[in-house]
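The values are calculated or read from the model by the stated rules, or taken from the named source; none is laboratory data. It should be emphasised that the depicted structure is a prediction, and the values quoted were computed from it without experimental measurement. Cβ coordinates were reconstructed from backbone atoms using ideal geometry, including for glycine residues, and neighbour counts include every protein chain displayed.
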Amino acid sequence: MSDHEISLAGEAVRLLPERAIYWERERALVVADLHWGKAATFRAAGVPLPPGTTAGDLTRLDRALRRTGARRLFLLGDLFHAREGRRSGATLSAVAAWRAGHPALDVLLVRGNHDRHAGDPPDDLGMTIVNAPHHVAPFALQHEPAPVATASYALAGHLHPGFVMAGPARQRERLACFVIGARGAILPAFGSFTGTLAISARPDDRVYVIADDAVIAVSSLAGR
Amino acid sequence: MSDEPRRLRYSLGRPIEPGTPFVDLVPPKEAGEPSTGQSSLARELRRARAARKKAAGTVDPRRRTATAPLEEDPRARRARRRFAALDPDAAVRAWFAEHGWAPFAFQEEVWGAYRRGESGLIHAATGTGKTYAAWMGPLLEWLRDYPAATRRAGAPPLRVLWVTPLRALAADTEAALRAPLIDLGIPWSLETRTGDTAPAARARQRVRLPSALVTTPESLSLLLTRENAAELFAHLECVVVDEWHELMASKRGVQTELDLARLRRFRPELRTWGLSATLGNLEAARDTLLGVDAAGRPRPGRLVRGLVPKAIGVDSLFPETIERFPWSGQIGLTLLPQVIAAVEEGGTTLIFTNTRATAEIWYQALALSGVAWADRIGLHHGSLDRAERERVEDGLRSGELRCVVCTSSLDLGVDFSPVDRVLQVGSPKAVGRLVQRAGRSGHRPGAMSRVTCVPTSALELVDIAGARTALEAGRIEARPPVERPLDLLAQHAVTVALGGGFRAAELYDEVRTTHAYRDLPRDEWEWVLDFITRGGEALRAYPEYAKAVLVDGTYRVTSRMIAMRHRMSIGTIVSESSLKVRYVRGRTLGTVEENFIARLRPGDRFTFGGQPLEFVRVRDMTAWVRKAPSAEGAVPKWSGLRLALSPELAHAVRAKLDEARRGIFDAPEMQQVRPVLELQAAWSLLPRPDELLIERTETREGHHLFFYPVEGRLVHEGLAALFAYRISQLGPITFTLAANDYGLELLSPERAPLEEALEAGLLSTEYLFNDIPASLNAAEMARRQFREVARVAGLIFQGFPGQAKSVKQLQASSGLIYEVFAKYDPENLLLRQAQREVLERQLEQSRLGRTLARLGSGTVTIVETERPTPFAFPLLVDRLREQLSSEKLSDRVRRMADPLERAAGPDVPAIPRFANLRSARPR
C-alpha cells in the first residue's frame, strides 16, 4: 500500500489506494459513492449478476479503517444504490455484520442524489444522517461538487472521476482518481461496481490516480 | 433516358445451364403506357401499391388494416371472373402470361416440391423470381384445397409466415405478395408485423393473425412470447425465410432456427423454404435452415438453383497520373472527377460504400461538386429515417434520381429496376459482396453485369485485382453458421417460458432439432435453466433473482415487469446507444450515436443525411438541430462492423503480391499500384508466399514491429495478441497493438526481444491451446466480445424507448459487468462463451492455426527500415488499438505520470465542477 500524503486547507490528509481520504487530526476516513446493493438492484430486476460486490467493498472499507485506525467515517452520499438494493436481505446482513465489527465507529452520512430515492439507511446501522453541505471546519462535506458559499474547502464525490493517462508508444490507461482543486476535492467512487467519468484537469488542479495498491501523482498538468 | 425499351432479365421458362446468360426479352407494352424504363415487376409493384392506396382511401396505407375484404376491390371481382373457370395451375400460368412471363423451370420445381410436402433452399440472384417461386406453392395448394364453390367468407387464419431480415424490406415484400392475391381473387388477408407496426394492428394480431404475415426474426420471437402462441400458429403451413444468406452466419440466424423449431413443434408437417444469394456453402445453408430430426440426422430438403447472374465485369477508376497515389496510399476523394464522369456516362448509378460515414462524405462531395444533377442525388443508409430511405427507394424506382450513394442498406432485396452503373468505393473485402452489388446493374442485351471499383488507397488496388481473379475462378465465400450460443438459448428459454411455458425435457429435445444446438450437452442445458431461474448454479444461487420460475414442472415467467422487459429486449442486435436527430420544428432525420453527439456543443455544425445542421440541444433522447447555411464540421461516425478481407480474397491478394514480386503486373490495377509496390520492394521487400516479412522501425512513438501474414484483419487481431503475449512472457514489456487486412503492428516504448522470441517459438503451433485464450484475456478481447453476450443474455437492459430516465439505476457498462463476473463468478459460462466467440468467429481459430502453420513452415525475414514502408503506413495511422502488458500496472502508471515520458495529453471534454452542475451527468 502506498498512500500519498498531502495538505488540504492546512490539514494533513492521506490519499489511500482503497479510494478514501484519511484526515489525520480528526482521525476521520472520508469515502464517497459506495452504491451498496447495486448488483442486488439488478438481480431484483431480473438481471443475473453474481453476489459479492458489496461484501468485497466492505472488506476494502475494513482494511482502510484498520490501516488508519480511524474513529470517524464520513460518507459523502450515494450509500445505497436504490430502494430495491436497500431491501435486499443479503446486502443488509452483510452491512449489519460490517457495522457490528466497528461498534465504536462514529458514522456520518451526507445525503446524495441516490439516497434521496433509496431512502435513509436503517436506524440500527447507527448513522448520523445530514443534508449537504455539512461543515466540519475547515471542510464542507457534500455529495455534489457544487460551490460552497463559505470559506470552507469542499470534499465531494458524485462524479466518479477517472483520468485517462497517456504514455509512450500510445499507451493509454483510464484510472479512478482524486481531483484536488483550489476550493474543493473530488473523491473517486468507492463502490467497485461503478464506472468512471473521464475528467479533464485544470492547470491548478492536482490529480492523483489509483493504480492497484498505489496512489500516484500526475505531475505538471500545466500546458495540457 | 434512352427511348429504347429497357430489357428485362426474366426469361421464358426453360432450364438455365450454368453460365448461360439470362435471356433478354422485351416486355409486352401495354397500350398507351409510356416506356418508363422499368421492369414489369417494378410496374406491377407500383400498380399493387396504387391499388392498396385506392382501397385504403385517404388513410396512410401503412396504417391501414389489411382485413378490409378484398371482394370489394373491382379488380378482384374482374380477376375472379377471368380466372375462376381455370384450374389452379392454369390460373397461375395465365397470371404469369398476363405479365409477359412464363414460369421458370426452377419455380415450377419448387411448386411441385411444395405440393409433395418438401422443404428446401432456393438460391438465385436478387430480383430473379425467387419470391414467386416460394409464394405460389402455398397459393396453388389453397386454390386446390378450396375450390371457389366451397370457400367461406372471410380470410383463413395464418397459413404462411414470411421472415425477412430487414424491416425496410417488409413493405416491398408485402406489395409483391399482394399482387397475385388480388389478381387471382384469393381472399387472404396479408399484413406486416415489424417493430414499425402500429399499436392498433398489433392489438388485432394478438387475437388473430392474418392469412399471411411478413415479419422479422425479432418480431416472430415476440409473437412466440404470447401465452396463446400455439393457437396463433395452429394452421401454419409454410415458413419462407427470405435472404437467408444474410441471417445464417449471425446470431439472428440462430434465433430464426430456434423459432422454426418452436413452430415445428406446433406444426410437425410445417414446410420451410429459404431464399438465398449464391454462397460457397449452400448445402450447409440448407441444413442449417432445416435443422435435424429427433435422431440427429439432417432433415431432407431440396436445393433449387434459380437464375444465377451472367458474367460479371470488374473494372476500376484511376487518377489521371500514377503520381497521384502517394506512397502513404490514402487518396480519399481524389477520384471525385472520375466518379462524376462515370455517373454521367450511363443512366442511373448506385455508388456503394463500406461505411455510413463514407457514404455521407461522398454524397456531400457530389452534391457540392456543381454537377447539373446535384439535386437528383440520393443518400441511403441504415441510420437515416425510414421515410427518407423510402423516398430514395421510390426515386430509384421512378427514375427520378440520377445517382444514389448507399451502404449495404441497398444490398438486400429492396426491389427496384436494375440501374445502369454500379460503383464500389473502397475495397470490396469479399468476392460475394462484389457479385451481389454488381447484380444491381445493367441488363442491356448482350451486356454483362458490371461493377466499377473506386480505390481510396493504393493497396486497395491489389484487393480489386485479387477480387477479379477470385471471381473468375468462382471462389465465392462460405458463410459459417453460428454454433450453440448460450446467451441466445437463455433468451429463447425465457421467450418460451412466456409463450405458454415449457417442460425442461421437452424444450431440450426441441432445441436439439436446430442445427446450432444439435450437440448441446445436457450440462450446458442445465446451466441455462439455472441461469434463468437461480442466476448461478444450484449451489450458489443468486439472491433476489428469479427471471423464470418452476411451477409444477413447468417453467414460466410470472413477473409482469420481467415479461415486459424481456419483450423489450428480444433480439441479438447490439447497437450503440443512439439518439434521434430531429429539426427543432419538423421531421426526424434519422439516428446518430450518443458518443458523437456528446462531443458537440450547442451551435456546433455537422453534416447528417447530406444536410448541413447546427446542433441545438439534447432533450428526451433526441438531438434537436436546425438547418445550417453551409456544410462544415464533422460527419458522424457509426461504430458498425469494420469489414475484413475474406479468406478467399486474402488468398487472391497474396497471389497478386507474389506476381508483383516476380515482376508480373498484368491487371490494370496492378499497373497502377506498381510504383507503390516497387517502393515497398526497395525499402523493404515483397514477401514470397512462404515467407513472413517482419519490419522493424523506430519512430518518435517508440519501437515498431510490423508483421505481414496477409490473412485479413480478423486473423491478424488474434495473431497480434498472440505474438505480443508470447514476447511479453520473456520480460516485463507493454505493447500497443494494431491490425489491418495486410498485417499487424506491435508498438513498445523499448526494443522488443524479437529474435529471442522467434528462437523461443513465437510462430510455434505448440501450446496454442493455452496461449490463445491467455492472450485474448491479456488483450481484453474477450471483454469486448462480452458486450454482445451480455446484451443478448439480458444482462444489459437498453431501456424502454422514451423512458430512458426511469431505468437509470439499472445501467452499467458491459465492461463493469464483465469485471463483476470475472471476480465473483469466474466459471460463468457466459464468460467462456465470449471467449469462444472471439476464437471461433472473430479470430476464425482454425484460420489462425493454419496461418501459424504456414508461417512456421516457411522462412522469416526481418528487415530494419529507416522509416515506415508503404505496407506499414496504413497500420501506423490506424487508431483502433489494443494493449497488452506484462508490467505491473503501478510501474507502468508511474512511468506515464513522469512528465518526461508522457506523450501529448488525452483529449476529453471538460466537465463543469464547482460551478454549474446541471449539465454534468448524475451518477
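Some notes on this structure:
- Criterion violated by B:Arg116 - all others in (1) crowded, with 20+ Cβ neighbours inside 10 Å; (2) at negative phi; (3) not hydrophobic (A, V, I, L, M, F, W, C) satisfied: (1)
- Meets criteria (crowded, with 20+ Cβ neighbours inside 10 Å, more than 16 Å from B:Leu693 (Cα to Cα), in the same structural domain as B:Val838 (by TED's automatic domain parsing) and touching a Gly at 6+ places or on another chain (Cβ under 9 Å)) for B:Ser748: yes
- For segment A:89-127, residues that are within 15 Å of A:Leu73 (Cβ to Cβ), within 20 Å of the chain's Cα centre (by Cα) and part of a helix (DSSP H, G or I) total 4.
- For the criterion of being in contact with a helix residue (DSSP H, G or I) (Cβ under 7 Å, 6 or more places away or on another chain), buried (at least 22 other Cβ atoms within 10 Å of the Cβ) and at pLDDT 95 or above, B:Tyr132 fails.
- Candidates in segment A:131-169 are the residues that are under 13 Å from the mean Cα position of the chain (by Cα) and of a type in the set (A, V, I, L, M, F, W, C); of these, the one that is surrounded by the most Cβ atoms within 10 Å (Cβ to Cβ) is A:Ala156.
- Segment B:851-886, subset of a type in the set (Asp, Glu) and in a loop (DSSP other than H, G, I, E, B), residue modelled with the highest pLDDT: B:Glu866
- Counted residues, segment B:670-687 - those being crowded, with 16+ Cβ neighbours inside 10 Å, of a type outside the set (A, V, I, L, M, F, W, C) and closer than 18 Å to B:Ala467 by Cα: 2
- Any chance A:Ala94 is touching a helix residue (DSSP H, G or I) at 6+ places or on another chain (Cβ under 8 Å), closer than 23 Å to A:Leu58 by Cβ, surrounded by 15 or more Cβ atoms within 10 Å (Cβ to Cβ) and within 12 Å of another protein chain (Cβ to nearest Cβ): yes
- For segment B:754-789, the tally of residues that are assigned to a helix (DSSP H, G or I), touching a residue at least 60 places away in the same chain (Cβ under 8 Å) and either touching a Pro at 6+ places or on another chain (Cβ under 8 Å) or under 30 Å from B:Ile532 (Cβ atoms) (or both) stands at 6.
- Sole exception among (1) at pLDDT 65 or above; (2) in a loop (DSSP other than H, G, I, E, B); (3) charged (D, E, K, R) for B:Arg836, by number: (2)
- Filter pass, B:Val207 being among the β-branched types (Val, Ile, Thr) and either under 31 Å from the mean Cα position of the chain (by Cα) or at pLDDT 95 or above (or both): no
- For A:Ala201, the conditions (1) more than 8 Å from chain B (Cβ to nearest Cβ); (2) at pLDDT 85 or above; (3) more than 19 Å from A:Val31 (Cβ to Cβ); (4) crowded, with 20+ Cβ neighbours inside 10 Å all hold with the exception of (2).
- Residue match in segment B:552-562 (condition: surrounded by fewer than 19 Cβ atoms within 10 Å (Cβ to Cβ), within 30 Å of the chain's Cα centre (by Cα) and assigned to a loop (DSSP other than H, G, I, E, B)): no
- Where B:Ala200 falls short, out of the listed (1) surrounded by fewer than 23 Cβ atoms within 10 Å (Cβ to Cβ); (2) touching a helix residue (DSSP H, G or I) at 6+ places or on another chain (Cβ under 8 Å): (2)
- Subset tally (residues that are among the aliphatic types (A, V, I, L, M) and closer than 30 Å to B:Met561 by Cβ) for segment A:21-79: 10
- Positions within segment B:725-783 being within 38 Å of the chain's Cα centre (by Cα) and of a type in the set (S, T, N, Q), in sequence order: B:Ser728, B:Thr734, B:Thr736, B:Asn740, B:Ser748, B:Ser764, B:Thr765, B:Asn770, B:Ser775, B:Asn777
- Count of residues meeting criterion [touching a residue at least 12 places away in the same chain (Cβ under 8 Å), more than 14 Å from chain B (Cβ to nearest Cβ) and assigned to a helix (DSSP H, G or I)] in segment A:59-82: 7
- Residue match in segment B:527-539 (condition: more than 14 Å from chain A (Cβ to nearest Cβ) and aromatic (Phe, Trp, Tyr)): no
- Some residue of segment A:59-74 being within 30 Å of B:Ser569 (Cβ to Cβ) and within 19 Å of the chain's Cα centre (by Cα): no
- Residues being assigned to a helix (DSSP H, G or I) and either facing chain B (nearest Cβ under 8 Å) or farther than 25 Å from B:Leu831 by Cα (or both) - total across segment A:46-58: 3
- Test: residue in segment B:404-427 that is basic (Lys, Arg) and part of a strand (DSSP E or B): yes
- Note on segment A:182-208: among residues that are touching a residue at least 40 places away in the same chain (Cβ under 8 Å) and touching a Pro at 6+ places or on another chain (Cβ under 7 Å), the one that is nearest to A:Phe139 (Cα to Cα) is A:Gly184.
- On the stretch given as segment A:22-45, residues that are surrounded by 24 or more Cβ atoms within 10 Å (Cβ to Cβ) and either within 11 Å of chain B (Cβ to nearest Cβ) or touching a residue at least 60 places away in the same chain (Cβ under 8 Å) (or both) total 14.
Listed here are the residues, each with its yes/no results for (1) of a type in the set (Gly, Ala, Ser); (2) under 29 Å from B:Leu412 (Cβ atoms).
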| site | (1), (2) |
| --- | --- |
| B:Ala438 | yes, yes |
| B:Thr469 | no, yes |
| B:Pro481 | no, yes |
| B:Asp530 | no, no |
| B:Arg534 | no, no |
| B:Glu544 | no, no |
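- Leading residue by the ranking (modelled with the highest pLDDT) among those in segment B:366-389 that are of a type in the set (D, E, K, R) and surrounded by fewer than 17 Cβ atoms within 10 Å (Cβ to Cβ): B:Arg376
- Residue in segment B:77-96 that is at pLDDT 90 or above and touching a strand residue (DSSP E or B) at 6+ places or on another chain (Cβ under 8 Å) present: no
- Boolean, B:Gly571 is touching a helix residue (DSSP H, G or I) at 6+ places or on another chain (Cβ under 9 Å), at pLDDT below 85 and at positive phi: yes
- Here segment B:688-708 is the region considered, the condition is being surrounded by fewer than 22 Cβ atoms within 10 Å (Cβ to Cβ) and not in a strand (DSSP E or B), and the residue that is nearest to the other protein chains (Cβ to nearest Cβ) is B:Glu701.
- The residue that is surrounded by the most Cβ atoms within 10 Å (Cβ to Cβ), among those in segment B:722-745 that are within 14 Å of chain A (Cβ to nearest Cβ) and assigned to a loop (DSSP other than H, G, I, E, B), is B:Ile733.
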